[in-house]
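J.: Input: one structure, supplied below.
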Amino acid sequence: ILLVGYCPSHRGSPSRPLDGPGTGHRLAKLCGLRHEEDLKTFDRINLHYETPLKRDSDTRAKGRLNAVEVLRRKNEKMIILGREVLQAFGAYVDPSDCPIASWFDFGSVKIAYIPHPSGLNRYYNDSKNTKLVERFLRSTL
């Protein structure tokens, strides 16, 4: 399973996607794994190698091109982290229509969407939402 993020955090390393002190550790906790185990469990990639200075139409266009490249990797399953990544893949015009934490077919790939597990995302403030994502991620292990 490939985890797909948008870009490295300001504290994260571009060479280690989704391994920052915030998002990486939150992902591990949601999976019920130690951080080191989590890193070995999933392949990871960001659509942008560096954090964009601004998120404008050019940045979104580059994200869409990078999403096409990710699809060419021939992973059978991908978990998309966050609305910006979902929009880059073009799977849903309105991300609020996308089911959270369930697999859907996208061409020859199975994709699942979860809200980005950053400390800024309010989705996880509701314990029901956290439990939904935990159950889903743990079922993929």
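J.: Check the stretch 68-80 and report whether any residue there is aliphatic (A, V, I, L, M), under 21 Å from LEU27 (Cα atoms) and without any contact (Cβ under 8 Å) to a residue 12 or more places away in the chain.
T.: No, the stretch 68-80 has no match at all.
J.: What are the pairs, 6+ residues apart or on separate chains, where a residue within the stretch 111-126 that is touching a residue at least 40 places away in the same chain (Cβ under 8 Å) has its Cβ under 7 Å from a residue that is surrounded by 12 or more Cβ atoms within 10 Å (Cβ to Cβ) and assigned to a strand (DSSP E or B)?
T.: HIS116/LEU81; PRO117/LEU81
J.: The conditions are (1) under 25 Å from THR140 (Cα atoms); (2) modelled with pLDDT of 85 or more; (3) touching a helix residue (DSSP H, G or I) at 6+ places or on another chain (Cβ under 8 Å); (4) buried (at least 17 other Cβ atoms within 10 Å of the Cβ), and LEU18 fails exactly one of them. Which is it?
T.: For LEU18, the exception is condition (2).
J.: Let me ask something else about it. How many residues does the stretch 50-63 hold that are exposed (fewer than 12 other Cβ atoms within 10 Å of the Cβ) and either among the β-branched types (Val, Ile, Thr) or assigned to a loop (DSSP other than H, G, I, E, B) (or both)?
T.: 4
Quick grid of which residues meet (1) within 24 Å of LEU137 (Cβ to Cβ); (2) open to solvent by 30 Å² or more (accessible area, probe 1.4 Å); (3) under 15 Å from the mean Cα position of the chain (by Cα):
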residue	(1), (2), (3)
LEU33	yes, yes, no
ASP38	yes, no, yes
THR41	yes, yes, yes
HIS48	yes, no, yes
LEU65	no, yes, no
LEU71	yes, yes, yes
ILE79	yes, no, yes
LEU86	yes, no, yes
CYS98	yes, no, yes
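J.: Continuing with this model, one more query. Output the residues belonging to the stretch 89-141 that are within 19 Å of ASN66 (Cα to Cα) and outside any loop (DSSP other than H, G, I, E, B).
T.: Result: PHE89, PRO95, PHE106, VAL109, LYS110, ILE111, ALA112, TYR113.
J.: How many of the residues making up the stretch 100-109 are at negative phi and loosely packed, with under 11 Cβ neighbours inside 10 Å?
T.: The total comes to 2.
J.: Then there is this: Which residues, counting only those in the stretch 82-97, are at pLDDT 85 or above and either in contact with a helix residue (DSSP H, G or I) (Cβ under 8 Å, 6 or more places away or on another chain) or polar (S, T, N, Q) (or both)?
T.: Once the filter is applied, which keeps residues that are at pLDDT 85 or above and either in contact with a helix residue (DSSP H, G or I) (Cβ under 8 Å, 6 or more places away or on another chain) or polar (S, T, N, Q) (or both), the stretch 82-97 yields ARG83, GLU84, VAL85, LEU86, GLN87, ALA88, PHE89, GLY90.
J.: So which of ARG55, ARG34, ARG64 ends up being under 25 Å from GLU134 (Cα atoms) and of a type in the set (Lys, Arg)?
T.: Criteria check complete, one pass: ARG34.
J.: Is it the case, given these coordinates, that LEU39 is farther than 17 Å from ILE114 by Cβ, out of contact with any strand residue (DSSP E or B) (no Cβ under 9 Å at 6 or more places or on another chain) and not basic (Lys, Arg)?
T.: Yes.
J.: Taking only pairs six or more apart or across chains, which ones have beta-carbon atoms under 7 Å, a first residue in the stretch 22-47 that is under 23 Å from GLU84 (Cβ atoms), and a second residue that is open to solvent by less than 50 Å² (accessible area, probe 1.4 Å) and polar (S, T, N, Q)?
T.: Sorted first by the residue in the stretch 22-47, then by its partner, the pairs are GLY22/SER118; THR23/SER118; LEU47/ASN66.
The values are calculated or read from the model by the stated rules, or taken from the named source; none is laboratory data. If you're wondering where the values come from, they're calculated on a predicted model, not measured in any experiment. Counting neighbours? That spans all protein chains shown, and the Cβs are built from the backbone with ideal geometry, glycine included. We work out accessible area using only protein heavy atoms, side chains counted, and drop any ligands, DNA or RNA first. Shrake-Rupley method; radii C 1.70, N 1.55, O 1.52, S 1.80 Å.
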